[in-house]
1. Report yes if some residue within the range 86-96 is within 17 Å of Ser30 (Cα to Cα) and open to solvent by less than 50 Å² (accessible area, probe 1.4 Å); otherwise report no.
2. Need the failing condition index for Thr123 against (1) assigned to a strand (DSSP E or B); (2) more than 15 Å from the chain's Cα centre (by Cα); (3) without any contact (Cβ under 8 Å) to a residue 40 or more places away in the chain, just the number.
3. Scan Leu100, Leu81 and give me the residue that is surrounded by 19 or more Cβ atoms within 10 Å (Cβ to Cβ) and part of a loop (DSSP other than H, G, I, E, B).
4. For the range 47-63, name all the residues that are under 17 Å from Ser21 (Cα atoms), among the β-branched types (Val, Ile, Thr) and either open to solvent by 40 Å² or more (accessible area, probe 1.4 Å) or not in a strand (DSSP E or B) (or both).
5. List every residue pair whose Cβ atoms sit under 9 Å apart, with the two residues 6 or more apart in sequence or on different chains, where the first one lies in the range 73-102 and is touching a residue at least 40 places away in the same chain (Cβ under 8 Å) and the second, anywhere, is open to solvent by 40 Å² or more (accessible area, probe 1.4 Å) and in a helix (DSSP H, G or I).
6. In this structure, does Ser107 turn out to be touching a strand residue (DSSP E or B) at 6+ places or on another chain (Cβ under 8 Å), surrounded by fewer than 19 Cβ atoms within 10 Å (Cβ to Cβ), more than 17 Å from Glu6 (Cα to Cα) and among the small types (Gly, Ala, Ser)?
Amino acid sequence: QVHLVESGGGLVQTGGSLRLSCAASGPTFSTYAVGWFRQAPGKEREIVAAISTSGTNAYYADFVKGRCTISRDNAKNTVSLQINSLKPEDTAVYYCVADLPEGTWHSVRWADYHYWGQGTQVTVSS
């Protein structure tokens, strides 16, 4: 079982930035595609970003493209999400996810991922 623990959430003003981090347990982190989902109150979970095992390929949802960067450090078993120019609509619980079916490295479907963390709250004030 892989454990994922998110951190870095908090309260930030509109236009500010946050860097979310996810720490993973286990020796097989480098074999997993990883990513971030978010869920706002009353809404469905949605993909934010994903990154391949090597870190060379990345996917971004349209609503964060141009102001978001996903990265990973396989030596430290971590994945990060840098979000700039935050908006009130970015307010949500952000989840770290990992591991996809064979032959894939990203998916927009939450259920395709085998592991997920408890989430970290991001609140953007106006």
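1. Within the range 86-96, the subset within 17 Å of Ser30 (Cα to Cα) is 96.
Next, from what is left, pick out any that are open to solvent by less than 50 Å² (accessible area, probe 1.4 Å): 96.
Looking for residues that are within 17 Å of Ser30 (Cα to Cα) and open to solvent by less than 50 Å² (accessible area, probe 1.4 Å), one finds at least one in the range 86-96, hence yes.
2. (3)
3. Working: Leu81 fails: part of a loop (DSSP other than H, G, I, E, B).
Selected residue: Leu100, the only one of Leu100, Leu81 that is surrounded by 19 or more Cβ atoms within 10 Å (Cβ to Cβ) and part of a loop (DSSP other than H, G, I, E, B).
4. Residue satisfying the conditions is Thr53 alone.
5. Going by the 9 Å Cβ cut-off, the qualifying pairs are Asn74/Ser30; Asn77/Ser30; Tyr95/Trp110; Val97/Trp110; Asp99/Thr31.
6. On the way: touching a strand residue (DSSP E or B) at 6+ places or on another chain (Cβ under 8 Å): yes; surrounded by fewer than 19 Cβ atoms within 10 Å (Cβ to Cβ): yes; more than 17 Å from Glu6 (Cα to Cα): yes; among the small types (Gly, Ala, Ser): yes.
The answer is yes for Ser107.
The values are calculated or read from the model by the stated rules, or taken from the named source; none is laboratory data. It should be emphasised that the depicted structure is a prediction, and the values quoted were computed from it without experimental measurement. Here the Cβ is made from the backbone with ideal geometry for all residues, glycine too, and neighbour counts use every protein chain on show. The accessibility values were calculated without ligands, DNA or RNA, using every heavy atom of the protein model including side chains. Shrake-Rupley method; radii C 1.70, N 1.55, O 1.52, S 1.80 Å.
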